[in-house]
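The values are calculated or read from the model by the stated rules, or taken from the named source; none is laboratory data. Keep in mind that this is a model prediction, so the values were computed, not measured. Cβ placement follows ideal geometry from the backbone for every residue including glycine, while neighbour counts extend to all protein chains displayed. Remember, those area values only see protein heavy atoms, side chains included, never the ligands or the DNA or RNA. Shrake-Rupley method; radii C 1.70, N 1.55, O 1.52, S 1.80 Å.
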Amino acid sequence: MATTSFLLPSPPHSATLRRPATPLVGPTHHSSSFLRRLPTPSLRKSRPTVVCAVASSSPLHALIFDCDGVILESEHLHRQAYNDAFAHFSVRCPPFSSDPLYWDVDFYDELQNQVGGGKPKMRWYFGKNGWPISSVFETPPSTDSDRENLVDVLQDWKTERYKEIIKSGTVEPRPGVLRLMDEAKGAGVKLAVCSAATKSSVILCLENLIGLDRFKGLDCFLAGDDVKEKKPDPSIYITAAKKLGVESKNCLVVEDSVIGLQAATGAGMSCIITYTSSTANQDFGNAIAKYPDLSDVRLEDLKILLQNTLVAS
C-alpha cells in the first residue's frame, strides 16, 4: 500500500506552573521504616540527590491515569483500526490516489503525539492534504456538515473495529498498572482515569484490561466526550480535580506523551511519565520523573516524589 508521510505542526505550548523537583535516585538509607529504596527514574538532567522526610499526612490525594499508552500500549492497535476503516470505505486522500489511505508507523507515531483524539486527527489530516473521496462521498465533501458526517462515519466504524481487537483477548495491561491501582485504593488515595479517546472505547478497554470491579471502583472516569477541548488542553484534568474534590497540587498524573504532560501541567498537576517506544524520545523536561513502565514503582515512591516536588516549588 502507498505510504504517506508529512511534517506536522509544532505541538501547542503550555505554560509550566512550577519547576519539577528531582526524585530520589539510587540507594537511600534512613532509619525511618517508611523510607525505602526508590526505583531509578530516567531524568532529563542530572541533579544532586535530595532527601526529605515524608509528612505524616501525604500530599497525594488523587492518582490519575491516562488510558492509551499508560494502561495499555494501544497506539499500534488504533493505527490498525484506522487503516482498516480507510480500506473498508475506500478512502482516497489525496482524492487522486490509487490506493486507500494508509498511515504508516513512523507517521502515526508523530501524528498521535501531536494531535489528541481520533476525529481531530482526521480533521487535521484531511484539512492538510485534501478532503478525500470514499464510498461515503463519491466526490470530496465541500460543506461542513458533509465533512463532519464523513469523519463521524469513519470514527464510528474505526471504534467498532478497535473494540473487536480489544475483545480478542490478546491485549494485556502494561506492567505495574494493576498493582499500583490496588495500592492507591487500599491507601485511600482517590483513583481516576482521564482519556482523550471516545467513552465507549475507553470503557471497553477498562472493563477488559483492569476488570469490572476496578473500573466500578474508580472515583472519577472522564473520556474525550466529556470535555470540549482535547489534550493538550488541560480541561479534562481541571474537570477531574473538581469531580474528585481535590486541589490540583494534590493530584499526580501518569501519562505517556508530551501531549498528556502538557495537559497535566496546564491544570497545575505534577506528572510522571511511563513512556512507550513511540514516545521515548519526546522532551519530558516538565515531568517530575519518567520510567519505562510501572513495574518497580510503588505508591510510597510516588508519595515521596510529590512531597519533594511540593517542598521544592
Filter result for residue 204 (farther than 25 Å from residue 58 by Cβ, touching a residue at least 12 places away in the same chain (Cβ under 8 Å) and either open to solvent by 20 Å² or more (accessible area, probe 1.4 Å) or not β-branched (Val, Ile, Thr) (or both)): yes
Residue satisfying condition, being in contact with a strand residue (DSSP E or B) (Cβ under 7 Å, 6 or more places away or on another chain) and among the basic types (Lys, Arg), within set 147, 174: 174
Residue under evaluation residue 270, criteria (1) surrounded by fewer than 23 Cβ atoms within 10 Å (Cβ to Cβ); (2) within 24 Å of residue 183 (Cα to Cα), criterion not met: (1)
Hey, residue 69 on the phi > 0 side of the Ramachandran plot, of a type outside the set (Val, Ile, Thr) and at pLDDT below 90 or not: no
Search result, residues across region 114-138 that are crowded, with 17+ Cβ neighbours inside 10 Å, over 18 Å from residue 159 (Cβ atoms) and not aromatic (Phe, Trp, Tyr): 114, 132, 133
Qualifying positions in region 84-104 - touching a residue at least 60 places away in the same chain (Cβ under 8 Å) and in a helix (DSSP H, G or I): 84, 85, 86, 88
Segments classed as helices (runs of 4 or more DSSP H), wholly inside region 132-238, with at least 3 members that are in contact with a Phe, Trp or Tyr (Cβ under 8 Å, 6 or more places away or on another chain): 144-167, 199-209
Condition met for residue 186 (over 14 Å from residue 74 (Cβ atoms), surrounded by fewer than 19 Cβ atoms within 10 Å (Cβ to Cβ) and either modelled with pLDDT under 90 or in contact with a strand residue (DSSP E or B) (Cβ under 8 Å, 6 or more places away or on another chain) (or both)): no
Any pair with Cβ under 8 angstrom, 6 or more apart, that starts in region 261-285 at a residue that is in a helix (DSSP H, G or I) and ends at one that is open to solvent by less than 10 Å² (accessible area, probe 1.4 Å) and of a type in the set (S, T, N, Q): 264/270
Residue check for residue 235: surrounded by fewer than 20 Cβ atoms within 10 Å (Cβ to Cβ) and touching a Lys or Arg at 6+ places or on another chain (Cβ under 8 Å): yes
Residue check, residue 247 surrounded by fewer than 20 Cβ atoms within 10 Å (Cβ to Cβ), modelled with pLDDT under 95 and over 16 Å from residue 302 (Cβ atoms): no
Index of the failed condition, residue 64 passing every other in (1) assigned to a loop (DSSP other than H, G, I, E, B); (2) β-branched (Val, Ile, Thr); (3) at pLDDT 50 or above: (1)
